[in-house]
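The values are calculated or read from the model by the stated rules, or taken from the named source; none is laboratory data. Not measured: the values here are computed from a predicted model. When we count neighbours, we look across all protein chains shown, and the Cβ atoms used for this are built from the backbone with ideal geometry, even at glycine. Side chains included, ligands, DNA and RNA excluded: accessible areas come from the protein's heavy atoms. Shrake-Rupley method; radii C 1.70, N 1.55, O 1.52, S 1.80 Å.
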Amino acid sequence: MAKKQFKAESKRLLDLMVNSIYTHKEIFLREIISNASDAIDKLCYRSLTDDSVGLTRDDFKITVQADKEKRTLTVSDNGIGMTAKELEDNLGVIASSGSFRFKSENEPSEDIDIIGQFGVGFYSAFMVAKRVTVISRAFGEEDANEWVSEGADGYKIAPCSRDAAGTDVIIELKDDTPEENYSLYLEEYTLHELIKKYSDYVRWPIMMEVTRSRLVETGEVDEKGAKKKDWEDYKETETVNSRVPIWQRPKSEVSDEDCENFYREKFMDPEAPAAVIRIAAEGTVSFKALLFIPSVAPYGYYSRDYKAGLQLYSSGVMIMEHCDEILPEYFRFVRGVVDSPDLSLNISRELLQHDRQLKVISQNIEKKVRAELLRLQEHEPEKYEKFYAAFSPQLKYGILNAYGSKNESLRDLLMFYSANVEKNITLKKYADAMPDAQKYIYAVCGKSVEDLKALPQAEPVLAKGYDILFLTNEMDETLIRMLGSYADKQFRLVDSDDLELESAEEKAETERKEAENREVLDFVKESLGGAVAAVRLSHKLVSRPVCLTTQGPVTFEMEKYFAAMPDGVGQKPKAERVLELNADHPIFAALRDAYSSDKDKAKKYAELLYGQAQLIAGLQLQDTARFSELICELMV
């Protein structure tokens with residue numbers, strides 16, 4: 001029979017599909033198997049009203065067979081098949097989808113779920129094939145037909161024979177090149193891996209001949225008279241795919257243990273997940289999801305190479321292995337699968353189109369994840385604390401990255417170390433425990449809990465019976481300032497902000513003492529040679545002689561953050577230092593006496609106190625040798 005040209009669309013269109021539409025060549029097997037599944041779906045649907053089909057659901061199957069000698073890969077099904085006209089209409093016209101027409105012409109059914117839509121998946125075979133042969137016999141027909149093509153130059157259709165209804169797609173692979181090893185698609189392990197990866201949840205069994213090993217007697221005996229045995233390989237046909245995914249099964253049939261085992265196997269995590277979330281949503285957008293909140297961060301989670309996102313399926317066929325568009329960035333730690341027949345996919349079925357369905361799914365999942373985290377926090381605090389230790393930076397980054405627009409969604413998930421409780425607590429628990437007289441939520445930033453416990457400025461707050469949140473992550477200070485308040489209570493940083501703990505009488509007394517000692521304070525500032533912006537008497541100190549605070553927008557934690565950045569990234573801002581002295585401490589009395597009798601000694605006292613204040617604040621001394629000399633000089 002004479003070769004026919006593709007009716008549609010020209011060599012350029014086929015070249016475009018083969019070379020541009022699909023990201024990975026291995027996708028071809030997914031597409032051919034999906035077409036086979038659709039063909040079986042159609043015949044199964046017909047069997048509901050046509051007894052002449054003569055097949056039950058258990059009779060339908062897809063077979064994958066490789067022939068290394070002929071370099072062919074054959075995918076066969078016992079589905080609806082095609083007549084010669086249907087071969088020409090479906091395969092002779094690029095982007096003509098019989099599956100799409102079937103969906104349009106028939107009522108939807110829960111038992112039938114057609115995968116194909118665009119009619120281009122079949123042509124992905126030409127990414128790996130130099131020739132494709134399709135042998136098909138339509139149900140109810142006695143004769144079969146053969147469609148053969150080597151690509152965009154056209155195709156031939158001729159009569160042939162086939163024992164029963166169904167279709168064989170025979171792909172003759174291209175020759176290997178230095179760049180591409182097409183022979184891989186003839187290897188048993190490669191085919192097995194691709195079927196499990198992309199088509200594991202196709203509803204029909206995908207059968208393939210696999211190699212097994214067994215011990216057999218050799219016919220010989222050893223020196224003790226025992227029969228010798230040796231290993232031999234043999235072939236057997238097995239069902240490769242799992243068929244019904246765990247997330248599609250009723251909740252009553254799947255235990256939490258089953259879900260945890262699935263998680264460990266699927267995501268190779270030795271730890272059980274902190275929580276399992278199952279979603280079965282129906283309505284304008286239907287989807288099912290099985291999600292997991294990990295207990296620990298996966299290897300490389302905070303690196304640039306880590307690939308976040310949920311596995312996305314459409315009617316049981318994996319479309320994307322890492323779909324990061326379904327989850328907001330701050331919940332990128334969630335792992336799992338989403339399966340929906342309602343997704344709008346692009347022509348290659350590899351990418352989502354941004355539409356209302358995707359947004360609805362994303363919003364639903366975000367609410368479920370947040371609700372589950374709050375449930376964990378309330379009812380399984382140990383699990384939540386373990387999760388929080390691994391993923392708190394992600395939650396905090398979510399607030400910072402959104403410039404505070406996600407405060408309401410994420411603030412109740414945050415935890416900070418409490419000075420009173422001596423463990424991490426939520427902002428809600430802090431606010432609920434606040435005395436009526438407490439105006440602010442007090443917090444302080446530093447390197448470690450131990451350092452912050454020793455901070456002099458914390459004393460007056462704790463003496464009032466008020467709790468302090470210890471912020472030990474470098475992003476915490478910016479985070480607190482971005483949150484601004486919680487439960488209508490403003491945040492106050494005890495090492496830089498006005499704590500407003502003094503009464504009017506106490507403030508007046510501090511001002512009186514400061515006026516009395518103005519000459520001493522000015523002398524100390526002058527002795528430090530511009531190292532500090534101000535020297536004042538403190539209303540924050542109780543038992544300690546000195547502390548260092550700041551004025552202006554830059555705090556010590558900000559200064560440390562910028563100081564740790566590489567050179568050449570711009571000007572590194574410094575905090576304006578304020579040296580605060582305790583007027584009621586014996587050290588201040590000694591300083592005042594020295595100012596009156598020995599100003600050289602008083603200057604050394606000033607330097608020593610400033611160095612001590614820097615160390616308490618966690619700052620580096622500019623001249624450690626000078627600090628050591630001062631100690632020695634003042635000891636003798």
Would you call residue 282 of a type outside the set (A, V, I, L, M, F, W, C), within 22 Å of residue 371 (Cβ to Cβ) and at pLDDT below 90?
yes
Name the residue, out of 176, 143, that is under 24 Å from residue 54 (Cα atoms) and without any contact (Cβ under 8 Å) to a residue 60 or more places away in the chain.
143
Could you please tell me which pairs satisfy a Cβ distance under 8 Å, a separation of 6+ or placement on different chains, a first residue in the range 607-621 that is on the phi > 0 side of the Ramachandran plot, and a second residue that is of a type in the set (Gly, Ala, Ser) and at pLDDT 90 or above?
none
Within the bounds of the range 377-392, is there any residue that is open to solvent by 40 Å² or more (accessible area, probe 1.4 Å), in contact with a helix residue (DSSP H, G or I) (Cβ under 9 Å, 6 or more places away or on another chain), more than 22 Å from residue 470 (Cα to Cα) and in contact (Cβ under 8 Å) with a residue 40 or more places away in the chain?
no
Quick one: is residue 191 surrounded by 14 or more Cβ atoms within 10 Å (Cβ to Cβ), within 32 Å of the chain's Cα centre (by Cα), within 26 Å of residue 69 (Cα to Cα) and without any contact (Cβ under 8 Å) to a residue 24 or more places away in the chain?
no
Could you check the range 137-221 for strands (runs of 3 or more DSSP E) lying wholly inside it with 1 or more residues that are within 30 Å of residue 262 (Cβ to Cβ)?
206-221
How many residues of the range 53-66 are in contact (Cβ under 8 Å) with a residue 24 or more places away in the chain and open to solvent by 50 Å² or more (accessible area, probe 1.4 Å)? The answer is 2
Considering only the range 152-167, how many residues are open to solvent by 30 Å² or more (accessible area, probe 1.4 Å) and either within 28 Å of residue 54 (Cα to Cα) or among the small types (Gly, Ala, Ser) (or both)?
7
For residue 363, work out the one condition from (1) assigned to a loop (DSSP other than H, G, I, E, B); (2) open to solvent by 10 Å² or more (accessible area, probe 1.4 Å); (3) at pLDDT 90 or above it doesn't fulfil.
(1)
How many residues are among the hydrophobic types (A, V, I, L, M, F, W, C) and either open to solvent by 50 Å² or more (accessible area, probe 1.4 Å) or more than 28 Å from the chain's Cα centre (by Cα) (or both) when one looks only at the range 409-421?
2
Checking 492, 512 in turn, the sole residue that is out of contact with any Asp or Glu (no Cβ under 6 Å at 6 or more places or on another chain) and part of a helix (DSSP H, G or I) turns out to be 512
Which residue is nearest to residue 336 (Cα to Cα), if the candidates are limited to the range 250-260 and must be out of contact with any helix residue (DSSP H, G or I) (no Cβ under 9 Å at 6 or more places or on another chain) and either among the aliphatic types (A, V, I, L, M) or surrounded by 12 or more Cβ atoms within 10 Å (Cβ to Cβ) (or both)?
260
Only one of (1) polar (S, T, N, Q); (2) modelled with pLDDT of 95 or more; (3) open to solvent by less than 60 Å² (accessible area, probe 1.4 Å) is not met by residue 37, so which one is it?
(2)
Somewhere in the range 44-59, is a residue part of a helix (DSSP H, G or I), of a type outside the set (A, V, I, L, M, F, W, C) and in contact with a Cys (Cβ under 7 Å, 6 or more places away or on another chain)?
yes
What tally of residues in the range 422-452 results from selecting those that are part of a loop (DSSP other than H, G, I, E, B), under 32 Å from the mean Cα position of the chain (by Cα) and not small (Gly, Ala, Ser)?
3
Would it be correct to say that residue 535 is surrounded by 18 or more Cβ atoms within 10 Å (Cβ to Cβ), more than 20 Å from residue 615 (Cβ to Cβ) and at pLDDT 90 or above?
no
Mind checking whether some residue in the range 196-211 is more than 30 Å from residue 68 (Cα to Cα), modelled with pLDDT of 90 or more and aliphatic (A, V, I, L, M)?
no
Looking at the range 558-576, is at least one residue in contact (Cβ under 8 Å) with a residue 12 or more places away in the chain, within 22 Å of residue 603 (Cβ to Cβ), open to solvent by less than 40 Å² (accessible area, probe 1.4 Å) and not β-branched (Val, Ile, Thr)?
no
Residues in the range 471-487: is at least one under 34 Å from the mean Cα position of the chain (by Cα) and over 24 Å from residue 389 (Cα atoms)?
yes
Any residue in the range 204-230 that's farther than 17 Å from residue 63 by Cβ: show its pairings with residues that are β-branched (Val, Ile, Thr) and part of a strand (DSSP E or B) at Cβ separation under 6 Å, as long as the two are six or more apart or on different chains.
227/221; 228/218; 230/218
Single residue of 395, 455 found to be at pLDDT 90 or above and either in a helix (DSSP H, G or I) or farther than 19 Å from residue 486 by Cβ (or both):
395
Residue by residue through the range 465-507, note down the ones that are at pLDDT 90 or above, among the basic types (Lys, Arg) and over 17 Å from residue 553 (Cα atoms).
489
Flagged in the range 443-474 as among the acidic types (Asp, Glu) and open to solvent by 40 Å² or more (accessible area, probe 1.4 Å), in numbering order, are 450, 451, 459, 474
Residue 247 meets each of (1) in contact with an Asp or Glu (Cβ under 9 Å, 6 or more places away or on another chain); (2) more than 28 Å from residue 192 (Cβ to Cβ); (3) surrounded by 10 or more Cβ atoms within 10 Å (Cβ to Cβ) with one exception, condition (2)
Quick check on this structure: which one of 179, 209, 146 is under 30 Å from residue 311 (Cα atoms) and touching a strand residue (DSSP E or B) at 6+ places or on another chain (Cβ under 6 Å)?
209
Long-range neighbours under 6 Å by Cβ, at least six apart or interchain, first residue within 26 Å of residue 293 (Cα to Cα) within the range 413-437, second surrounded by 14 or more Cβ atoms within 10 Å (Cβ to Cβ) and among the small types (Gly, Ala, Ser)
425/418
